[in-house]
Amino acid sequence: MHSTMMDVPMLIPAILERARSLFAGREVVSLLAVPGADGKPAPRAYRTTYGQVADRALRLASALQAAGVQPGERVATLAVNSYRHLEAYLGIPSMGAVLHTINIRLHPDQLCWIISDAQDRVLLIENLFAPLIPLIAARCPSVQKFVVLGPLPPNPDGHRPDGVQDYDEWIMSHQPMSGYPDMQETDAAGMCYTSGTTGNPKAVTYSHRSTWLHSLASAPKDMLNVGQADSVLPIVPMFHVNAWGLPYTCAVFGAKLVFAGMFADGPTLARLMQDERVTIPAGVPTVWLNLLTELDRAREAGTPYDLCVERLVVGGSAAPEALIRAFRTRHGLKMTQAWGMTETHPLGSVSTTPPDVDALSDEGFALSAKQGTAVPLTELEIVGEANEILPHDGRSMGRLLIRGPWVTGSYYGGEGQGSFLSLGGLPWFDTGDIATIDGRGFMHIQDRAKDLIKSGGEWISSVDLENALMGHPAVLQAAVIAIADPKWDERPLAVLVLRPGSASPDHTELSAFLAPRFARWWLPDAYEVVEAIPVGATGKFLKRELREQFRGYVATVREP
Ligand code: AMP
């Protein structure tokens, strides 16, 4: 029997309308960069409201329609976290197009590959990155319009290049869109690329429905605990899985949004959290390490910050127990660990202390260092080599699978088929993480099957570095592995076998060899020459063995 319930589609326009009608006066604060006294960019807070953001998002929607953008077309952003980016989050999907957020830290080759793959025709680009416009214009023929967010930098010859527009001027020359085009809740609303283990990045597309469901599931008390009285600071970039969905979650529930723009240093973040009464900041462990250093410094100097943080959300990489303990015991700040992926919107699990465990006990801290239990509507499972389900005993280690309504069922363009499998007739996504699950359902990441290194929350492909290194005349074999790093969590170490008779190239030479092809932060921290790299039965490098061999390794020569 069919239910009597209405079938109301879940659409992003309803998020925009909700923010506009119920939370019009709620603040959105963004740190903008202005020239500082020392010539370096200095932060200045710019204040606006959901009401103004919604009005401008609808003007953006009109401007895109006037530019001929069609439903389903991708509109790209290359931008930092700010109210303008939030306008794009709301305005682009509200006119039926797909918000394609691009990682600002990519090497230009990857950037251009992604823009061309997505066939972006309009690119909203932060003024900071305006120097990239000529390169993108030359190498990405799909882009017809560059819209610059923030004041346009002065052009040496005084004229604005063709196809380049000032965002504020552009949107304000259009009336807010009235009415919304017809859309299905399963239509794509957002698009994000993630690093492939081999080859080019792969994209997933989020739907209007998955965005709504993810927002509803993120907010409850045992999840990220987002409500109207909160002030939320997503330090996680808006190009990274929709800043963990927080801009949408906050707009749905009317939480104040605070954006740090290009700033991620401890002192700026601590001041911002104090000034804007931030209750929920969210970021990767590297960012929290910077904050911890600043909080420690200020306390020792006798000038502690006056913070009202309720929970520091940490994810993107494993949060060390020592970090969680340090925030709680030295500063009284509670850290909540979450796990997720680009493919999962991202929220998959949250580590919330059960009521029968004292959060300040050893058991409590040990649990908070795990990645937590599945978010409602998602399921987690671990499987062995033959896809057999492994016991949830906290010891059996297997490939972590996930399923749920905001977990991708495929990659854009049909890539990466190997990541999807069926168990008992149900579809699952293979995360590439290796985990245990204990009797309470707490998942704990143990390792990574995918050949990637996560440094400061961003991926580095070990395979790409290995292939490039093996192009060096002196290198016979190269295996790049992650070594633990106190600041960046992981950094690449290249382990090399040299061609017989070759002189050993030094660090500077190898880095210079790689530099033209990779972003600077991808370059290995160190190169170690060995007699042989361990290989398995199928001839593949045994990276796990190599990681074991180099456990505790400290690079002596570092990139400046
Ligand atoms: P991304 O798609 O860039 O968000 O990366 C997702 C991957 O980051 C996961 O598959 C994990 O390998 C890693 N990751 C995310 N959150 C955590 C966490 N809390 N602990 C350990 N690893 C994490």
- Note on the structure: Output ordering of 378-391, 433-446 (per-residue mean of other Cβ within 10 Å, highest first) is 433-446, 378-391
- Task: Rounded to the nearest Å, what's the spacing between the alpha carbon centres of the range 39-79 and the range 95-121? Just the number, please.
- Result: 16
- Note on the structure: Expressed to one decimal in nm², the mean projection of the alpha carbon convex hull of the range 162-304 is 13.5
- Note on the structure: Per DSSP, the loop-located trypsin sites (Lys or Arg not before Pro) within the range 142-237 having at most 16 other beta carbons within 10 Å are K221
- Query: Taking only protein heavy atoms and a 1.4 Å probe, what accessible area per residue, in Å², does the chain have with all protein chains in place?
  - Reply: 42
- Item | Beta bridge orientation in the chain: antiparallel %, DSSP, nearest 5 | 60
- Report, in debye and to the nearest 20, how large the dipole of the range 83-186 comes out about its Cα centre when Lys and Arg carry +1 and Asp and Glu carry -1 on their Cβ. 160
- Task: Show that you can apply the helix-only estimate: for the chain, add -39,500 (n - 2.57) for every DSSP H stretch of four or more residues, divide by all residues, and state [θ] at 222 nm to the nearest 500.
- Result: -8000 deg cm²/dmol
- Along the dipole axis of the chain (charges at Cβ: +1 for Lys and Arg, -1 for Asp and Glu; origin at the Cα centre), the most positive-end residue among P93, P131, F23 is F23
- Note on the structure: Given the candidates A503, P320, L469, the one whose Cα lies deepest towards the positive end of the charge dipole of the chain, counting +1 at each Lys or Arg C-beta and -1 at each Asp or Glu C-beta, is P320
- Task: In vacuum, with every alpha carbon of the chain counted as one equal point scatterer, what does the Debye formula give for log10 I(q)/I(0) at q = 0.08 Å⁻¹? Two decimals, please.
- Result: -0.55
- Query: What is the local net charge at G96, summed over the other residues whose Cβ is closer than 12 Å to its Cβ (Lys, Arg +1; Asp, Glu -1)?
  - Reply: -2
- Message: Strictly over 28 Å apart at the Cα level, which of K40/K370; K370/K540; K221/K370; K221/K487 would you flag in this model?
- Response: K40/K370; K370/K540; K221/K487
- Item | Intensity falloff of the range 16-263 expressed as log10 I(q)/I(0), Debye formula with alpha-carbon point scatterers, at q = 0.09, 0.16, 0.18 Å⁻¹ | -0.36, -1.23, -1.57
- If you place +1 on the Cβ of every Lys and Arg and -1 on the Cβ of every Asp and Glu, how big does the dipole about the Cα centre of the range 453-549 come out, in debye to the nearest 20? 200
- Item | Candidate aspartates and glutamates - alpha carbon under 12 Å from K202, same-chain residues fewer than 8 apart omitted | D117, E343, E415
- Task: Find which of T353, L60, P201 sits farthest along the positive direction of the dipole of the chain, computed with +1 on the beta-carbon of Lys and Arg, -1 on that of Asp and Glu, about the Cα centre.
- Result: L60
- What percentage of the solvent-accessible surface of the range 16-263, computed with a 1.4 Å probe over protein heavy atoms, is contributed by carbon and sulfur atoms? 51
- Message: At a 10 angstrom cut-off on C-beta neighbours, averaged per residue, how do the peptides 96-105, 62-71, 316-325, 248-257 rank from highest to lowest?
- Response: 248-257, 96-105, 316-325, 62-71
- Message: Give me the percent of accessible area attributable to carbon and sulfur for the range 453-549, probe 1.4 angstrom.
- Response: 55
- Task: Keeping every protein chain in place, order W288, W339 by accessible area at 1.4 Å, biggest value first, i.e. largest first.
- Result: W339, W288
- Message: Suppose a student asked you for the relative contact order of the range 16-263, using Cα pairs under 8 Å spaced at least 6 residues apart; what percent would you report?
- Response: 24
- Query: After finding the eigenvalues of the alpha carbon gyration tensor for the range 79-154, what semi-axes result from the square roots of 5 times each, listed largest first in whole Å?
  - Reply: 18, 16, 11
- Query: So, with +1 on the Cβ of K and R and -1 on the Cβ of D and E, and no other charges, what is the size of the charge dipole of the range 270-327 about its Cα centre, to the nearest 20 debye?
  - Reply: 60
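The values are calculated or read from the model by the stated rules, or taken from the named source; none is laboratory data. It should be emphasised that the depicted structure is a prediction, and the values quoted were computed from it without experimental measurement. Counting neighbours? That spans all protein chains shown, and the Cβs are built from the backbone with ideal geometry, glycine included. These area figures cover heavy atoms from the full protein model, side chains too; ligands, DNA and RNA do not enter into them. Shrake-Rupley method; radii C 1.70, N 1.55, O 1.52, S 1.80 Å.
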